[in-house]
1. Taking one equal scatterer on every alpha-carbon of the range 46-135, how large is log10 of I(q)/I(0) by Debye at q = 0.11, 0.18 1/Å?
2. Write down the Kirkwood hydrodynamic radius of the range 82-122, to one decimal in angstroms, obtained as one divided by the mean of 1/r over all alpha carbon pairs.
3. Which FRET efficiency, nearest 0.05, do H143 and F123 yield, Cβ-Cβ r, R0 22 Å?
4. Between R109 and E74, what is the spin-label point distance in nm, taking each point 7 Å from the Cα along the Cα→C-beta axis?
5. Determine the equivalent ellipsoid of the range 82-152 by diagonalising the alpha-carbon gyration tensor, then write out the semi-axes as square roots of 5 times the eigenvalues, largest first, rounded to whole Å.
6. So which of K45/K100; K8/K100; K8/K62; K62/K92 end up more than 25 Å apart by C-alpha?
7. Kindly write out, for the range 117-128 in residue order, the coupling ³J(HN,Hα) from the Karplus curve 6.51 cos²θ - 1.76 cosθ + 1.60 (θ = phi - 60°), rounded to whole Hz, with x marking Gly and Pro.
8. Given 0.36 nm per residue, what is the gain on full extension from R10 to H66 after removing their alpha carbon distance, in nm?
Amino acid sequence: MCSLDSQKFRGTVEVDENYIGGRRTNMSKYRRMMLYHLGRWSAGKVPVVGALNRETNQVMAKVIEHTDKETRHEFIDNNTTPSAIVYTDGAKGYHGLDRKHQSVCHSQRKFVNGAIHTNGIEFFWSRVKRAYKGTHHGWSKKHWHRYIQELT
C-alpha cells in the first residue's frame, strides 16, 4: 500500500480513525493512575485517522490531536474529491459530510451492508498495530507521523 500525498482520492473511499498505544495492563501503576480519572480506554493513546481508496488500494493516514467532527471532516475534505463516495463506521463525527456518505453501525454489531463496509481500512489498522507491538516495540511520540507515513 502506497500513499500519494499530492493526489486526492476519488471513487470509493473508506475512512476510519484508530487509537494506537500500549495496553493499560502493561503500564506502570503510576501511569495507570494518571489515566484513571480520564476513564476512556483511549486515554493515553495516539489518535490516527486514515483513508483507503478501494480502487487503487492506497492509504493516507495522519496523526491527529483530536477526533472531533471538525478534524475528521477536514481530513476527508483535504484527501478526497467532492465526487468521492465515503464509507465510515457509524460515529457521529462523520455525520454531515459534504460528500456522498454511507455508514455501517458497529455498535449494533453490523459490519457489512452489501458494499458498505470499512474492512479494508480496519485491515490497515491491524498492520499498524502489529508494527507497533512487534516490529518497533513502541514508538517515540516525537516521530509518530514518520512511523505512520512509513506504513502507508
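1. For the range 46-135 at q = 0.11, 0.18 Å⁻¹, log10 I(q)/I(0) is -0.31, -0.87.
2. In the range 82-122 this quantity evaluates to 10.6 Å.
3. That gives a FRET efficiency of 0.40.
4. For the pair R109/E74, the computed spacing is 3.8 nm.
5. Working from the Cα gyration tensor, I get semi-axes of 28, 15, 11 Å.
6. Exceeds cut-off: K45/K100.
7. 6, 10, 5, x, 6, 5, 5, 4, 4, 5, 5, 5
8. Extra length from R10 to H66 when fully extended: 17.6 nm.
Readers should treat all values here as calculations from the given coordinates under stated rules, not as data from a laboratory. The structure presented is a predicted model; accordingly, all values stated were derived computationally and were not measured. Cβ: placed from backbone, ideal geometry, glycine included. Neighbour counts: every protein chain shown.
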